[in-house]
Each structure stands twice: as structure tokens, then as C-alpha cells.
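The values are calculated or read from the model by the stated rules, or taken from the named source; none is laboratory data. Small disclaimer: the values here were computed from a predicted structure and weren't measured. Don't worry about glycine lacking a Cβ; one is built from the backbone with ideal geometry, like all the others, and counts go over all protein chains shown.
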Amino acid sequence: MLTIGRDILDAIIAHARRDHPDEACGVVAGPIDSDRPERHIPMDNIERSSTFYRFDAAEQLRVWREMDDRDEEPVVIYHSHTATEAYPSRTDSSLAGEPRAHYLLVSTRDPDGTEVRSFRIVEGTATEEPVRVVDASVDPAAVTTYMFGQSPAAVDYECPAGR
Amino acid sequence: MAIEVRIPTILRQYTGGAKVVNGSGDTLADLLADLDASHPGLRGRLVTEDGGLHRFVNIYVNDEDVRFLGALDAKLNDGDSVTILPAVAGGAA
């Protein structure tokens, strides 16, 4: 299962729409072994094609080096299909070189809706997985500010106003 | 002569899991032949049957893409750092 924040998913979809009809591509980095996609890195598709994508080799080195320095790995590798479904093609599956990544496919073929599906691709075989979108703006750990007269079980007098 | 070679995840099966290995060679071709002796199978993932570099593998010498340095004829010096990354690519078909 891929768990991804709403904000990052929206940014990926916006990127795909912006580059349509060319395929868009990019990475979401996260701490190694966390399986948490946290840092969205849109990449340049040097093919600039509506049917093919490829990361620029020099840019890929810079981004991979940066992830290494930050103890991150590519948690999500995404690209868009602009006229076909959000499903990995034979090329997508045969070229997938990061077995630990979630391969996110975005289809922009329908102007009124965007299809997003996620896959694990290992040794040329793609297996679909569910996508769980989390809304980061609702933080269960946040301190909720209550007006007197409402019903918290305890009132935190140490909590700064407005937090 | 020691050249540090950084190995991507997908090729670590040929290096016993090692992320970095050492090798020697005056050219990239020599280095890959040298590495293949101690890590059989590695060279086969980088060089095609025609004897050229695999199209979807990126190899860098000191951060420069070897495609601009003569590919397999790229000259290497002691202390150079070589990085291998699988290309990230795909298509609709």
C-alpha cells in the first residue's frame, strides 16, 4: 500500500496537468526504510514526449546524491500517461530499476478527471497496490483550542493562546 | 590503482550487497572487465552483446556522464569515483 499526503498528491497531479500532453515525471523522497513519501521532486522529462519519459542523467545524479546525503531514498517514482490508462506499460515494467519504490502512474487523458494508481514493480513484474491518501492539515496530534463552555476532558493551561 | 565504484540497489546482488566496490582500469572498459572478475554478472548488466554500454544505465566518472567522455573508452585515473545508476525511464507503450 502507498500512503501519501494529499498535498503531495495534488502537487503531482498539478505537475502532470502542467506538462500535458508531454509525459511528466518525478520522485518523492523519504527517509530510508520509512516508506513515507515526504519531499516532492518534479523532474525534467528530457524526452519531452507524449509517449516516453526519461530523467535527465545529470539531474538524476544530483537528486540521487542529495537523497543519499540526506539519508533518503526514492519512495515514489511517478510519471504520467497522457492518452492511455494509468497502468504500467511493458516498457515501464521492464525499465523499472528501483525495486523498493512505489511506481505511481497518473493518467491525464481525461480533461475532467485524473486517474492515479500505484504499483510495485520488481524484476519486470508490476503488482497493483492501494493508495491511501492522508490529509496532513488534520493533525491528530495538534492541540485543540477550546472555548470555555465546550467540553474537553481536561484544559491545558500551559497551552499558548492560538495554538 | 584504486577506483571507487558506487553500485545501485538493483545491482548489489552481484556485489554481495556492497554499495561500494573498488576496481582498476585505464578505461571504463578495463574497469568493467576487472570488476566482472570479482563480481561475475555485473558487467553483463552494463554492456550489451554488441559491446556497447546499455542504453538505460547511466555511468558517471567524477560526476560526468561517460556518454560525453567516450563511453567505454572513457579514460580513468587513480582515485576517480565511478557511479552507476539505472536510468529512470518508461513510456506509454
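Remarks
- In segment A:1-30, the residues that are under 15 Å from A:Gly113 (Cα atoms) reach residues that are at pLDDT 95 or above and among the acidic types (Asp, Glu) with C-beta atoms within less than 9 angstrom, at least six apart or across chains, in these pairs: A:Ala16/A:Glu23.
- One residue from B:Ile59, B:Ile10 being in a helix (DSSP H, G or I) and within 10 Å of chain A (Cβ to nearest Cβ): B:Ile10
- When B:Asp36, B:Asp78 are screened for being more than 23 Å from A:His79 (Cβ to Cβ), in contact with a Lys or Arg (Cβ under 7 Å, 6 or more places away or on another chain) and not in a strand (DSSP E or B), only B:Asp36 passes.
- Segment A:87-100, subset touching a helix residue (DSSP H, G or I) at 6+ places or on another chain (Cβ under 7 Å) and not charged (D, E, K, R), residue nearest to the other protein chains (Cβ to nearest Cβ): A:Gly97
- When residues of segment A:101-134 are limited to those that are closer than 18 Å to B:Phe56 by Cβ and over 14 Å from the mean Cα position of the chain (by Cα), the one farthest from the other protein chains (Cβ to nearest Cβ): A:Thr125
- Selected residue (criterion: nearest to the other protein chains (Cβ to nearest Cβ)) from residues of segment A:45-86 that are touching a residue at least 60 places away in the same chain (Cβ under 8 Å) and among the aliphatic types (A, V, I, L, M): A:Ala83
- Within segment A:7-56, tally of residues that are aliphatic (A, V, I, L, M), outside any strand (DSSP E or B) and surrounded by 21 or more Cβ atoms within 10 Å (Cβ to Cβ): 4
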